[in-house]
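**Q** One structure is given below, represented as structure tokens, and several questions about it will come after.
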Amino acid sequence: MRDQKLSQSADLVNGVVTFLGLNLVWIFLVIWMLYGMVPVLVLAVLVNHAISRFEYHQN
């Protein structure tokens, strides 16, 4: 019973990561069209830094 719950949450995590990735792509495209490439690169660096900080604090 316990293993079944873990496999369900693994499936949900995969879907959430895919959903966030797709949303991030269209958000970057909209920012690129409105403001240019530099704000997109700055936002990408900030997102990368945030992910790295979350990973560091998780371990």
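Here, each number is a calculation from the coordinates, and none is a lab measurement. A quick note: this is a predicted structure, and the numbers were derived from the prediction, not measured. Every residue, glycine among them, receives a Cβ derived from its backbone with ideal geometry; neighbour counts consider all protein chains shown.
**Q** Given R₀ = 35 Å, what would the calculated FRET efficiency be for Trp32 paired with Asp11, taking r from the Cβ atoms and rounding to 0.05?
**A** 0.60
**Q** Between Ala44 and Leu24, what is the label-to-label distance in nm when each label sits 7 Å out along the Cα-to-Cβ direction?
**A** It is 1.1 nm.
**Q** So what J values fall out for the range 11-28 if you push phi through Karplus, 6.51 cos²θ - 1.76 cosθ + 1.60 with θ = phi - 60°, rounded to Hz, Gly and Pro as x?
**A** 5, 5, 4, 4, x, 5, 5, 5, 4, 5, x, 5, 5, 5, 4, 6, 5, 4
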